[in-house]
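Contents: one structure, followed by commentary.
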Amino acid sequence: MVSNARNAMDRRSAPARRQGGVVLMIALIVLVAMTLAALGLIRSIDTGTMVAGNIGFREAATASGDSGVEAARTWLIANQLALDNDQPAAGYYSTRQDNLDITGNLTAGGTDGVDWGGSDPSQPVKAFDAGTALDGTGNHVFYLIQRLCSIPGSVNLPLQSCTTATVSGIGSTQNAPDYSSYGLYTQNEAYYRVTARVNGPKNTVSYVQAVIEM
């Protein structure tokens, strides 16, 4: 009788042990799933922070490009009587250079690009290094000025083709010797394209362009 009772108790306790093993397995699976979810969440947060930081660097570099454009404009005003010919040392070119690869993305390794402050001395067109003193962010600013004309020389040359704007008439009809002569005359002002490149932290590169009439 005692033996039969012990056998009955063993049969009743066996399912309990099997249930305990199943619960442990389920708990381990849930624990692994929660660990993987936590790792994924941490990685997602890190990626979001990195993306936000990169966007901030890019926006700061773009804002710094305005200082490069303003520096180029100041140079143009100071040298407006000497703009008919190239001045490579100042980053100024008297033609629009239609085939120039400004960003270097069209023909990698070619010689039709821009040397942005010594980045590629093999390039024939030299940008002006405006340094980092233009703003307080530490971004490095360069600029390139191109007059929107087909050839060097005066805007009024016979074979010249420039993008110009006609300013208001100058003079007076009192200066005309007769009615067949014009007492008023107009003046054409050329347009200048300014491209500013900004090198920022973490290899951030940003370009800003503006067109100036003078």
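Could you please rank L144, L157, placing first whichever residue has the fewest other Cβ atoms within 10 Å of its Cβ?
In order of increasing Cβ crowding within 10 Å: L157, L144.
What's the FRET efficiency of Q209 with D84 using the Cβ-Cβ distance as r and R₀ = 22 Å, to the nearest 0.05?
Result of the calculation: an efficiency of 0.45.
Taking neighbour counts of Cβ atoms within 10 Å as a proxy for exposure, in what order, fewest first, do Y191, Y92 appear?
Ascending Cβ contact count within 10 Å gives the list Y191, Y92.
When a footprinting reagent is the concern and you count Cβ atoms within 10 Å, what order do S67, S150, S94 take, fewest first?
Taking fewest neighbouring Cβ atoms as first place, the list is S150, S67, S94.
Every number here is computed from the coordinates shown, using simple stated rules; none is lab data. The structure displayed is predicted, hence computed values, not measured ones. Heads up, the Cβs are rebuilt from the backbone with ideal geometry, glycines too, and the neighbour counts pull from every protein chain shown.
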